[in-house]
1. I want to check the label-to-label distance for Tyr12 and Ser71. Put each point 7 Å from Cα in the C-beta direction and report it in nm to one decimal.
2. Based on DSSP H runs of at least 4 residues, each adding -39500 (n - 2.57), what is the mean residue ellipticity at 222 nm of the chain after dividing by all its residues, to the nearest 500 deg cm²/dmol?
3. At a 10 Å Cβ-Cβ cut-off, how would you order Ser11, Ser127, Ser37, fewest neighbours first?
4. Kyte-Doolittle cut-off -0.5, length cut-off 24 Å along the helix's own axis using Cα: show which whole DSSP H helices in the chain pass.
5. Take Arg24, project a point 7 Å from its Cα along the Cβ direction, then tell me which residues of segment 39-77 have their backbone nitrogen under 12 Å from it.
6. By its C-alpha gyration tensor, with a ≥ b ≥ c as the square roots of the eigenvalues, how is segment 2-62 shaped: rounded for a/c under 1.5, else prolate for a/b larger than b/c, else oblate?
7. Charges at C-beta only: +1 for Lys and Arg, -1 for Asp and Glu. How large is the resulting dipole of the chain about its Cα centre, in Debye rounded to 20?
8. With a Förster radius of 22 Å, plug the Cβ-Cβ distance of Asp112 and Arg86 into 1/(1 + (r/R0)^6) and report the FRET value to the nearest 0.05.
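What follows draws every value from the coordinates through simple rules; no lab data is involved. In this text the structure is predicted, and so the values were computed from the model without any measurement. Heads up, the Cβs are rebuilt from the backbone with ideal geometry, glycines too, and the neighbour counts pull from every protein chain shown.
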Amino acid sequence: MELVAQDLRRSYGPLTVLDGVSLRIGRGEIVAILGPSGCGKSTLLRLLGGLERPDSGRVLTAGEAPAGSLSPLAYVFQDFALAPWRTVAGNVALPLEHLAMPADERRARVADALARVGLDDFAASLSAPALRRHEAAPPSPARSSSIRRSS
Ligand SMILES: Nc1ncnc2c1ncn2[C@@H]1O[C@H](COP(=O)(O)OP(=O)(O)O)[C@@H](O)[C@H]1O
Ligand SMILES: [Mg+2]
């Protein structure tokens with residue numbers, strides 16, 4: 001699968017953060033976006049991840065996502081954006097809750113994602129205390145990996 005950005009522009013009020021940004025990330029490529037604080041790295045990632053729309057330009061994916069794998073695009077937040085009142089499993093379930101999906105399937109996906117990052121023992125724990133006590137990997141990568149292609 002390829003990820004393509006075409007001529008992206010994004011402003012916040014009078015501040016133009018991105019203008020004329022184009023890039024193509026090929027299959028299997030690992031890309032780091034470098035720049036000083038405030039130059040627009042997070043803005044670009046939000047556009048690439050579909051969390052925000054550009055004012056103009058577009059983001060495209062081309063080709064097949066790896067078979068049976070994660071969603072074509074998953075976004076891992078810098079600060080993990082956990083809901084501290086939810087359990088670990090509840091945090092991982094969050095992106096699935098707006099999808100029409102039987103509760104059994106949602107539970108199975110959450111269990112699978114937690115098992116893959118070794119957090120299955122902490123499913124019912126509150127997220128923040130569980131992380132502090134056990135210094136375990138945070139559930140955010142598990143949350144991303146709970147989103148799979150629907151086909
Ligand atoms: N939602 C927003 N509203 C207003 N200004 C924003 C918003 N998001 C980012 N900015 C501004 O856009 C610029 C780029 O921010 P950002 O993409 O977070 O940069 P970076 O990740 O490279 O540090 C900064 O000046 C920031 O203050
Ligand atoms: Mg940033």
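1. 2.3
2. Value at 222 nm, helices only: -8000 deg cm²/dmol.
3. Ascending number of Cβ neighbours within 10 Å: Ser37, Ser11, Ser127.
4. Details: long enough: none.
TM-like helix candidates: nothing returned.
5. Residues 62 fall inside that zone.
6. Details: a/c = 2.17, a/b = 1.41, b/c = 1.54.
Oblate is the answer for segment 2-62, as a/c is 1.5 or above yet b/c matches or exceeds a/b.
7. Computed charge dipole of the chain: roughly 100 debye.
8. In this case the efficiency is close to 0.75.
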